[in-house]
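Bear in mind that the values in this text are calculations on the coordinates, not laboratory data. Since we're looking at a predicted model, the values are computed, not measured. Glycine gets a Cβ as well: all are built from the backbone with ideal geometry, and neighbour counts include every protein chain shown.
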Ligand SMILES: Cc1cc2nc3c(=O)[nH]c(=O)nc-3n(C[C@H](O)[C@H](O)[C@H](O)COP(=O)(O)OP(=O)(O)OC[C@H]3O[C@@H](n4cnc5c(N)ncnc54)[C@H](O)[C@@H]3O)c2cc1C
């Protein structure tokens, strides 16, 4: 066992929300430890290949980290700004290096330590306070004492070790996705093809601009089996099913994007599969089937999409795309009514307008409900059970539907930033007392 180390804040999970929290904590002179089980940072943004950031925030609350991330990614040519002014088109692989750079920048004044390939083994509590955690890295145990702890694991593993309660307000589950990237695609040729097949700017659009996209063409397009819209690409997917290359379920959700700083690469936000996170046996079977679906989709696009003839599989996500997992019981549970009624909140964590977005496995059951600007209170990020534990990102204390709006990356980053400032405020007040 290593010698006891002391911090102001320990953040468990160095993904989307955890990195934002660590950066702002360290910048605010809090002695911070970030614990990550992978050998890289970024979580779903890197290991999950989840690109691009969805446009979400309409106001500038707690966006300092996000802006800094965009600025740093630009230096590495790992970012483009799309035609809708969304500057969150990142390269998921280079982002790992961008995050290392950002989180070791001079402005953090050595306030931040990062432990990779490390997990929490044990939590020691007294009444409703966590005192110490025992971390595990390469067979070594590391005892850590801290004033505040933040669960940014996405899964709630740390909150579970702390004995926290979770929300069980719905039998519905969002579908998972196993994302992947194909390389060696002739994107110029493909863009010509989709512009002819689908000129609907709402579903398919392309963009090339000297300043924003480094003069490379970028695009997005999609198709689903839902009948609420006309999906121009569906006729190709149906043909793939008829020809025995695809299964009908492969038509359920198909979405692709070009990738910043990776000419010839296309990122797939599919295949989707059932969310059996409460049944590891079914879950594992689904995951294996998802990989088979990737192979079907790969064969399909090579055969039917102009520009994909020489495509190769270059990356299958190492982190499964689980949209909704375990939401933690917090001091305030944010609800759909709060969103719809635009609940007024002083000092909000974020102000956003990303819609309620539920990916269902059943035809015509998915939901994309437009919202007006809504604000999130900080109490939805503070554990109801443990006084010095905050939860951020996918763990936010919100009902099932509201969670589907809040989970997008920019909102998760704002949550991390807001909690860093909350902890700073608490420790500063405590010192004064
Ligand atoms: C399939 C899919 C598609 C999506 N599409 C989009 C999109 O297009 N745009 C968008 O903006 N949002 C999208 N989202 C939502 C968004 O990507 C996620 O909700 C968000 O990234 C979650 O951030 P997080 O910090 O909660 O979790 P993560 O980013 O997953 O970070 C969690 C981190 O914790 C680490 N960890 C876990 N357990 C431990 C442990 N015990 N000890 C140490 N570390 C641990 C993990 O390795 C990981 O690095 C999508 C999500 C999914 C699943």
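As a footprinting exposure proxy, order 1, 214, 413 by other Cβ within 10 Å, with the fewest listed first. Walk me through the numbers before you get to the answer.
Details: 1 8, 214 15, 413 32.
Ascending Cβ contact count within 10 Å gives the list 1, 214, 413.
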Highest GNM mean-square fluctuation among 30, 49, 139, for the chain with Cα springs under 10 Å, belongs to 139
Length gained when the stretch residue 281-residue 76 is fully extended (0.36 nm per residue, less Cα-Cα span)
69.7 nm
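Please label the shape of the stretch 292-433 as rounded, prolate or oblate, based on the square roots a ≥ b ≥ c of the eigenvalues of the alpha-carbon gyration tensor (a/c under 1.5 means rounded; beyond that, a/b larger than b/c means prolate, else oblate).
On the way: a/c = 2.78, a/b = 1.97, b/c = 1.41.
Prolate, because a/c is 1.5 or more and a/b exceeds b/c.
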Please report 249, 25, 390, 191 as a ranked list, fewest other C-beta atoms within 10 angstrom at the top and most at the bottom.
249, 191, 390, 25
Taking the chain as the reference, fit the longest principal axis to its C-alpha atoms, fit the long axis of helix 187-197 to the helix C-alpha atoms, and give the angle between the two in degrees, 0 to 90, nearest 10.
70 degrees
What does the extension gain come out to for residue 166 and residue 302, with contour length at 0.36 nm per residue minus their alpha carbon separation?
44.6 nm
Distance (nanometres) between label positions extended 7 Å along Cα→Cβ at residue 312 and residue 196:
2.8 nm
Taking a ≥ b ≥ c as the square roots of the Cα gyration tensor eigenvalues, with a/c under 1.5 meaning rounded and otherwise prolate when a/b beats b/c, else oblate, which class fits the stretch 118-178?
oblate
Calculate the spin-label point distance for residue 370 paired with residue 129, positioning each point 7 Å from the Cα along the beta-carbon direction, and give it in nanometres.
5.0 nm
In degrees, nearest 10, the alpha-carbon axis of helix 64-75 is tilted away from the dominant principal axis of the alpha carbons of the chain by 50 degrees
Centroid-to-centroid separation of the stretch 287-326 and the stretch 212-251 [C-alpha atoms, Å]:
13 Å
Averaged over all viewing directions, the convex hull of the alpha carbons in the stretch 223-267 casts a projected area in nm² of 3.8 nm²
Under 20 Å from a label point 7 Å along Cα→Cβ of residue 346: give me every residue in the stretch 49-68 with its amide N that close.
61-62
Let me know the shape class of the stretch 176-316, please: from the alpha-carbon gyration tensor, a ≥ b ≥ c as square roots of the eigenvalues, rounded when a/c is under 1.5, otherwise prolate if a/b is greater than b/c, or oblate.
prolate
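What number results when the radius of gyration of the chain, computed over Cα atoms, is divided by 2.2 N^0.38 Å?
Numbers: Rg = 21.6 Å, N = 433, 2.2 N^0.38 = 22.1 Å.
Relative to the 2.2 N^0.38 Å estimate, the chain comes out at 0.98.
Calculated from DSSP H runs of 4 or more alone, at -39500 (n - 2.57) each and per residue, what is the 222 nm mean residue ellipticity of the chain, nearest 500? Could you put the intermediate results ahead of the total?
Working: 11 runs with 123 residues, N = 433.
After summing the helix terms and dividing by residue count, I get -8500 deg cm²/dmol.
Would you list 230, 61, 253 from fewest to most Cβ contacts within 10 Å? Mind showing how you got there, number by number?
Numbers: 230 10, 61 18, 253 21.
The order, fewest Cβ neighbours first, is 230, 61, 253.
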How far, in degrees from 0 to 90, does helix 16-27 lean away from the longest principal axis of the Cα atoms of the chain, to the nearest 10?
40 degrees
Here, residue 217 and residue 121, labelled 7 Å along Cα→Cβ, have an inter-label distance in nm of 5.6 nm
